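Scroll down for the structure; my scribbles are underneath it.
Coordinate-derived values only; no laboratory data. What you see is a predicted model, and the numbers here were worked out from it, not measured in a lab. Note that each Cβ is placed from the backbone with ideal geometry, even for glycine, and that neighbours are counted across all protein chains shown.
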Amino acid sequence: MNLFSHAGTTCGNTTVTFPLGFGAATLVGLQCPTTASSPIKPGMSIVLPDAAPPGNYVVKVDAKDGSSNEVYCMQASFAL
């Protein structure tokens, strides 16, 4: 079940705040402009409030270029 989605730039770092004060994710994006042969070092950190219900969580990030071609994707799974 998808609980939240966000669209934005994949260049630079971005902090996305979740609805209802449910924390935030900081995404480490690309240094733009970039080329197909440039190394990339994407990453993310997620902060959730103490009130987050226990369970298994999955966060998925899909990055696409201006023509909707996939540049990279990453997924993090964790349990609380």
Estimated vicinal HN-Hα couplings, Hz - segment 35-52 in sequence order (Karplus 6.51, -1.76, 1.60; Gly, Pro = x): 10, 4, 9, 6, x, 10, 9, x, x, 7, 10, 10, 10, 10, x, 4, 7, 4
Cα centroid of segment 1-63 to Cα centroid of segment 64-80, whole Å: 9
For the chain, cysteines whose Cβ has no other cysteine Cβ within reach (under 4.7 Å): 73
Sequence-distant residues sharing a close amide H with residue 72 (under 5 Å, placed H): 63
Evaluated at q = 0.17, 0.19, 0.26 Å⁻¹: base-10 log I(q)/I(0), Debye formula over Cα of the chain: -0.73, -0.88, -1.46
Table column - 3J(HN,Hα) (Hz), segment 21-34, Karplus curve with 6.51, -1.76, 1.60, x for Gly and Pro: x, 8, x, 7, 10, 9, 9, 9, x, 7, 8, 9, x, 9
Amide H within-cut-off set for residue 23, under 5 Å, with H built and near neighbours excluded: 18
